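So the structure is just underneath, and the comments pick up after that.
Bear in mind these aren't lab numbers, they're just calculated from the coordinates by the rules spelled out. Keep in mind that what you see is a predicted model, and the values were worked out from it rather than measured. Neighbour counts are summed over all protein chains in view; Cβ atoms, including those assigned to glycine, are modelled from backbone coordinates with ideal geometry.
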Amino acid sequence: MKFVVEHTFRGITVADYEKLYFDEAFNDALCKAVNLDRNVQKRSDDGKRLARVVKIAPRDREIPGPLQKILGSTRIEYSEHVDYDWGTYRGTWKTVSSIMTDKIESAGIYRFEQNSDGVKRIVEGEIKVKMFGVGGVVERFIVSDIEKSYEQASDFTRRWIAQGGKA
């Protein structure tokens, strides 16, 4: 199942948003605000290319009951793998689920675009769940959770920008 999530942030340039998006203090505050546990597993940045792996564990988002039985878990934790070339304003992402890693695939691209309103962040991706009969249901659940999560993150980001680095 493919998805696209877009948000615009006013009062910031694309170059400053790029720095903010990958700033560890900002990301720690963001995850705390949206109830995610976040642990950086790997970070490599030579000034030209950033590669990062972060383990994410939602604290307050449980899988609906019927899906819990199918997936064998109450929540989905994952590792987010990000590759980004500084100054291009685009990168790739993929996540590796803590459960059913051979059946759940998620990957895509993200980019930042300067426009007259500020900076637009666009995240595109595809979720594939290879489970006969229920794959589509699980895909819809995951995409819905991604959309909600990015909406919460964008609200926090707007407050952070408006308050000069505090939310």
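Electrostatic bookkeeping for Arg38 treats Lys and Arg as +1 and Asp and Glu as -1; over the other residues with beta carbon under 10 Å from its beta carbon, the sum is -2.
Going through the range 78-167, which chymotrypsin sites (Phe, Trp or Tyr not before Pro) have at most 13 other Cβ atoms within 10 Å and a DSSP loop state? Don't skip to the end; give the middle numbers.
Values: sites: Tyr78, Tyr84, Trp86, Tyr89, Trp93, Tyr110, Phe112, Phe132, Phe141, Tyr150, Phe156, Trp160; in loops: Trp86, Tyr89, Phe132.
In loop regions of the range 78-167 (DSSP not H, G, I, E or B), the sparsely surrounded chymotrypsin sites (Phe, Trp or Tyr not before Pro) are Phe132.
Hey, could you get me the Stokes-Einstein D for the chain, Kirkwood radius over alpha-carbon pairs, 10 °C and 1.306 mPa s, rounded to whole µm² s⁻¹? In µm²/s, the coefficient is 95. Separation of the alpha carbons by more than 21 angstrom is noted, of Lys2/Lys94; Lys2/Lys48; Lys55/Lys120, for Lys2/Lys48; Lys55/Lys120. The longest stretch of the chain left intact once loop-based GluC sites (Glu not before Pro) with at most 16 other Cβ atoms within 10 Å are removed from consideration, loops following DSSP, is 78-167. Karplus-based coupling profile of the range 12-20, in residue order and whole Hz: 8, 8, 5, 5, 6, 5, 4, 4, 4, with θ = phi - 60° in 6.51 cos²θ - 1.76 cosθ + 1.60 and x standing for Gly or Pro. Per-residue extension of 0.36 nm, minus the Cα-Cα distance of Asp23 and Lys48, leaves a gain of 7.5 nm for this segment.
Bridgeable aspartates and glutamates around Lys103 (alpha carbons under 16 Å apart, same-chain partners fewer than 8 residues away excluded): Glu77, Glu126, Glu139. For Ile12, list long-range residues whose amide hydrogen, built 1.01 Å from N in the peptide plane, is under 5 Å from its own amide hydrogen. HN-HN under 5 Å from Ile12: Val119. Helix 24-33 and the long axis of the chain differ in direction by around 50°, with both axes built from C-alpha atoms.
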